[in-house]
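Each remark here refers to the structure printed beneath this line.
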Amino acid sequence: AIALSLPVFNDHNAYAQNIIQNVSNTTNSTLFAVGNAQAMIKPDKVTLSLSVETTNKTATAALVANSEAMNKVLNALKAGGVRENETGTSFFNISPNYKPIDQQQEGQYFPPIESRDIISYTVTNSITVDSYNLLNVSQWIDIAVQAGVNDVSSIYFSLSDEKSEAVKNDLLKQAITNAKGKAD
């Protein structure tokens, strides 16, 4: 009897295990053969996280300024080759900023604390750019910063689902061949 066990892991490694059992009247023996396969794969997908943060005295003014800046960024990225379906909002926040109060007692200084008096509002709008075009990443960052992005949070390279599945299937075949060769 032959059994084949195939655990697969998401780190682009695959392992195959052949278990061969020879059953006869006088002896019972088991042979284990483990095969593996690994690959270093170039990414085919990039994800950029870009943010625009604006502050103004009123929430409305901060929001208007942020919307104008983000629209400018999106238009510039589109002109730079980013497709409309490759961008999306990933985070949006409006938060108040409070007036700091200095604390001093008899010559001692303590760090300022915030009063409940609102002095301004900050709007943060973050977008992600998911693209298979890896050649224009640095150009897109330059374009975005020149258009108003004031935070490039991350640049993440990865495999598309299709390429990841193809790599996994190829590694499984290699691991099975490796295990069978050892078992033979």
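Suppose R0 equals 45 Å; then what is the FRET efficiency for Val34 and Ile141 from their Cβ-Cβ distance, rounded to the nearest 0.05?
It comes out at approximately 0.50.
Take Ser90 and Lys163, extend 7 Å from each Cα along the Cα→Cβ direction, and tell me the distance between the two endpoints in nm.
1.8
Tell me, how many Å apart are the Cα centres for the range 132-184 and for the range 39-83?
Between the Cα centre of the range 132-184 and that of the range 39-83, the gap is 22 Å.
Return one whole number: the accessible area per residue of the range 116-184 in Å², for a 1.4 Å probe.
Per-residue value: 59 Å².
The values are calculated or read from the model by the stated rules, or taken from the named source; none is laboratory data. Everything numeric in this text was worked out from a predicted model, so none of it was measured. Positions of Cβ are backbone-derived with ideal geometry, glycine not excepted, and every protein chain shown enters the neighbour counts. Keep in mind that these areas ignore ligands, DNA and RNA; they rest on the heavy atoms of the full protein, side chains included. Shrake-Rupley method; radii C 1.70, N 1.55, O 1.52, S 1.80 Å.
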